[in-house]
Amino acid sequence: MVRVTRMLAVGMVAAPLLAACATIPPAEQPVTVTGSITYRERIALPPTARVEIALADVSLADAPSTTVARQSFTADGRQVPFAFSLTVDQRQLDPRHSYAVSARISDASGRLMFITDTRNNVPFDGRRVIDMGMLMLVKTH
């Protein structure tokens, strides 16, 4: 009888713990998109130049893209190429959608200097790290 009572007591304590485990969301599944950006012109960037790289959902042709991940920083006297690394949770990505990386460099006043002018599709195919290689920017003025 004592043994049965003890088993019931353990079961009553363990049941809520097991139920709590069932409500914990699945672990984060990070995917990292890496690469670097550069441009062909032999022009030095001002130290205050602003560099922005974005991963966006570009699925809808008649709607603005939705940014999924972004990295931005000031050049601080450094020059191209600039490496980038964008990390996103795999669960945020819809396998039916299209994603692309874009980049831009602006001066301190926000005036656009360089930008990617081609679509750089990201092949989310189950890998945890996707290397986009070198992305080329073009001069805007």
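Here are some notes:
- Region 96-130, residues that are under 12 Å from residue 31 (Cβ atoms) and of a type outside the set (Lys, Arg): 99, 122, 123, 124, 125, 126, 129, 130
- Within the span defined as region 46-54, every residue fails to be open to solvent by 50 Å² or more (accessible area, probe 1.4 Å), among the hydroxyl-bearing types (Ser, Thr, Tyr) and within 20 Å of residue 34 (Cβ to Cβ).
- The set of residues in region 44-92 being at pLDDT below 95 and of a type in the set (A, V, I, L, M) consists of 60, 61, 63.
The values are calculated or read from the model by the stated rules, or taken from the named source; none is laboratory data. Everything numeric in this text was worked out from a predicted model, so none of it was measured. So basically every Cβ, Gly included, is an ideal-geometry build from the backbone, and we count neighbours across all protein chains shown. We work out accessible area using only protein heavy atoms, side chains counted, and drop any ligands, DNA or RNA first. Shrake-Rupley method; radii C 1.70, N 1.55, O 1.52, S 1.80 Å.
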